[in-house]
Amino acid sequence: MGVTVKNYLNSRCSVCTTLIVPPGFCSTAALRQASDRHCATCTLLYTALSEKLDLNDPTIERVDSIGGYGFFNLAVGPAKPRFTTGSLWDHVSVTLALDGEGYCPPSLEWLPILKKSPMLRTKDRDIQLIQDRIEDCRNNHPNCPKSNPSCLGNLPTRVIDVGLDGKKPFLHLSQKGEKARYLALSHRWGDPKSSHKRLLTLKENVSTHCKGIPLEEFPKTFREAIEVARGLGIQYIWIDSICIIQNDEKDWETEASRMADVYSNAFATIFADRATHSDEGLFQNEKDRKTIRSLRFLDFKTEESEIPARVIVQTQIDPNTANFATEVHELFCQADQTPSQLSGRGWILQEECLSRRRIHFTETELKWKCPTLANCDCGLPTPPDMGDPTANFSILVKPEKAKKMPWKTPAWLWQQLVEHYTTRSLSFESDRMIALAGLASKVPAPRQDYLGGIWRKQLNTGILWEARGPCRRTAEYVAPSWSWASVSGKIRFVPLSRETRFIWEVIEAKCLFNGSDGDFGKVASAHLKVRSKVVQVNVEERQQNMRKEIAQNLWDEGDATWKIRGDRVNYLTVMPVQLPPGYPPPLPTVLELDVQSDWDVLTSGAQLESRLLCVALVDTFWEGYPAERALCLLLRRSPTETTSWERVCFVFLKGTWKSWEPYILDEELTIL
């Protein structure tokens, strides 16, 4: 796990004496020579540096010892360091501390002591830490949910009885109104084509699972989640692949519609952040510990004891990145933060937002989050994330929290949530609405006002969205064309100014959901009936003066604004169908399509009839004079219902709205 450094002479020399009392410095050659002479301290410092750095590199000439905040830092770099805003940006920083959980000899008293080792996690230790966090939460957090009988939620339809009495676990069928503490597990299923171990409840084995499931039949992640439940004395745990009958479509749809209650009623949710599939486990393992990171151990043997002292070393490899930790344990805690295997998954968003308490098992540490406290296993608070969707969701469901933040309106909060959600991936695009249903069900608004991902009172702003990355229309019907959910990929709502004036009128807005999903799951059908100013237009393809390689790179990245046609770069624009004599044509507007496949559809010989629907006008300046410009939707006639229309993309018309007046009609349209 580390390198052993022997204290041959238990002495110090003039080189290390200078370094261990910052500020001080020496040449790398002097430190190497002192180490060769068996100076114990110089050997320790040289080993800490050379294990990750090539000290024979001619550009590394000097070792600086830097003080402040109780750190012991060594900065290695050129002989003449360049200071930028007080930092050694061209140096590599190495920080040392003693592992306070082990032997701390007097000869190393000059090193700071780290009370909690960042690399000594065990299963028992993790469970005890969770138990301590729970007790603290129950006893000292008045704003956190309680666990007394009056505060317990109903059990889900099925839960796993973990066998607190030593018996093997089994699938428990909950009685109506039955209440008890239970955990929920948030995990990745993994690639269905891989050969990792799985456990599913199917119509043919549900009765067998109710009799008992041997512990060894559970994949590792499930098995270790059961061990956590047992260690905490919690009788039940909910795991989706076992508690939902996977080959029963009706059962799946019914249980999927209850996800909001499953996670919001759970005593706590376990997040398997380190696992890419259900058989990788929760707890830190030997592979995690041996993974090369910026942290490592050096065992330092002294003459004072047979037990080696353990020195923890953290190396900041990137010299262009500063570390703003202000305490030793903060620096070591922030090192080697591993990305979550869950955070990019669409289904996980509602599990994060709805869970009362969250327990995150990562490769490097255990994290806790409840409404009162968020910290890691060393006790440091987790830094707030300004883009954390759970914070916005908590305000959305409890608007009184936004009294001091008037800009956080319900519309803004929902749009922020949706924009974040669309950056996440789903294995099945048909889940696009269902995986968000749990969050939508908690929004304090009438259920009938939920229109396929947009709320009725927010239609003005919610209808104006555009693609912000590679997008494609869903292969099967998921949502109406005017909803962001009709495309798969990242979207952005169009930012609007206070000068925006909506001129369209929504006459009717209806959205019907499949009955088994409730009011927030799969959309069966939806339409908008609107009245506004419209222009009959043709979509025209024109040549753009742009380098082909730039256009090709943009196209390859998912941009649908320019396309190479032979030896030319083209763009699409809309122009009125008929140009009355005596009127100059309006300026061409470059169309920024949501999906690339629409390009060929719009330019085919059998092009469907198109309309520009003006949703809003915004006061702005055009060529130095006050003017109104139009925010529009490009519509095309529906290929399946010829009396209706479908959204193509958002259009911010170039030129003034006045220049389009000769072509404007008042029209009533139905948009599917």
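Numbers below:
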{"quantity": "Complete set of residues in the range 247-262 that are surrounded by fewer than 22 Cβ atoms within 10 Å (Cβ to Cβ) and either in contact with a strand residue (DSSP E or B) (Cβ under 7 Å, 6 or more places away or on another chain) or assigned to a helix (DSSP H, G or I) (or both)", "calculated": "Glu249, Lys250, Asp251, Trp252, Glu253, Thr254, Glu255, Ala260, Asp261"}
{"quantity": "Residues within the range 29-46 that are farther than 16 Å from Asn73 by Cβ and open to solvent by less than 50 Å² (accessible area, probe 1.4 Å), tallied", "calculated": "8"}
{"quantity": "Residue within the range 438-453 that is in a strand (DSSP E or B), touching a strand residue (DSSP E or B) at 6+ places or on another chain (Cβ under 8 Å), under 26 Å from Asn265 (Cα atoms) and open to solvent by less than 10 Å² (accessible area, probe 1.4 Å) present", "calculated": "yes"}
{"quantity": "Sole residue being in contact with an Asp or Glu (Cβ under 7 Å, 6 or more places away or on another chain) and crowded, with 21+ Cβ neighbours inside 10 Å, chosen from Ile237, Ile270, Ile213, Ile244", "calculated": "Ile244"}
{"quantity": "Number of the condition not met by Ser427 [criteria: (1) under 23 Å from Arg472 (Cα atoms); (2) of a type in the set (Ser, Thr, Tyr); (3) outside any loop (DSSP other than H, G, I, E, B)]", "calculated": "(3)"}
{"quantity": "Residue within the range 476-483 that is assigned to a strand (DSSP E or B) and in contact with a strand residue (DSSP E or B) (Cβ under 7 Å, 6 or more places away or on another chain) present", "calculated": "no"}
{"quantity": "Qualifying strands (runs of 3 or more DSSP E) (wholly inside the range 587-672; at least 1 residues being on the phi < 0 side of the Ramachandran plot, of a type in the set (D, E, K, R) and touching a Leu at 6+ places or on another chain (Cβ under 6 Å))", "calculated": "610-622, 625-637, 645-652"}
{"quantity": "Any pair with Cβ under 8 angstrom, 6 or more apart, that starts in the range 279-299 at a residue that is closer than 20 Å to Leu49 by Cα and open to solvent by 40 Å² or more (accessible area, probe 1.4 Å) and ends at one that is among the charged types (D, E, K, R) and at pLDDT 80 or above", "calculated": "Thr291/Glu363"}
{"quantity": "The range 323-378 - residue that is part of a loop (DSSP other than H, G, I, E, B) and in contact with a His (Cβ under 8 Å, 6 or more places away or on another chain) and, of those, modelled with the lowest pLDDT", "calculated": "Cys378"}
{"quantity": "Criterion violated by Ala475 - all others in (1) farther than 17 Å from Ile348 by Cα; (2) open to solvent by less than 20 Å² (accessible area, probe 1.4 Å) satisfied", "calculated": "(2)"}
{"quantity": "Residue check, Thr620 among the polar types (S, T, N, Q) and at pLDDT below 90", "calculated": "yes"}
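Matching residues to (1) touching a Phe, Trp or Tyr at 6+ places or on another chain (Cβ under 9 Å); (2) in contact (Cβ under 8 Å) with a residue 12 or more places away in the chain; (3) open to solvent by 50 Å² or more (accessible area, probe 1.4 Å):
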| residue | (1), (2), (3) |
| --- | --- |
| Asn553 | no, no, yes |
| Asp556 | no, no, yes |
| Val577 | yes, yes, yes |
| Val595 | no, yes, no |
| Asp600 | no, no, yes |
| Cys614 | yes, yes, no |
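To keep it simple, each residue is scored yes or no on (1) of a type in the set (Gly, Ala, Ser); (2) modelled with pLDDT under 90; (3) open to solvent by 30 Å² or more (accessible area, probe 1.4 Å).
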residue	(1), (2), (3)
Asp99	no, yes, no
Ser107	yes, yes, no
Ser147	yes, yes, no
Thr157	no, no, yes
Lys168	no, no, yes
Glu178	no, no, yes
Leu183	no, no, no
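The values are calculated or read from the model by the stated rules, or taken from the named source; none is laboratory data. Keep in mind it's a predicted model, so treat the numbers as computed, not measured. Methodologically, a virtual Cβ is constructed for each residue, glycine included, from the backbone with ideal geometry; neighbour enumeration extends over all protein chains shown. These area figures cover heavy atoms from the full protein model, side chains too; ligands, DNA and RNA do not enter into them. Shrake-Rupley method; radii C 1.70, N 1.55, O 1.52, S 1.80 Å.
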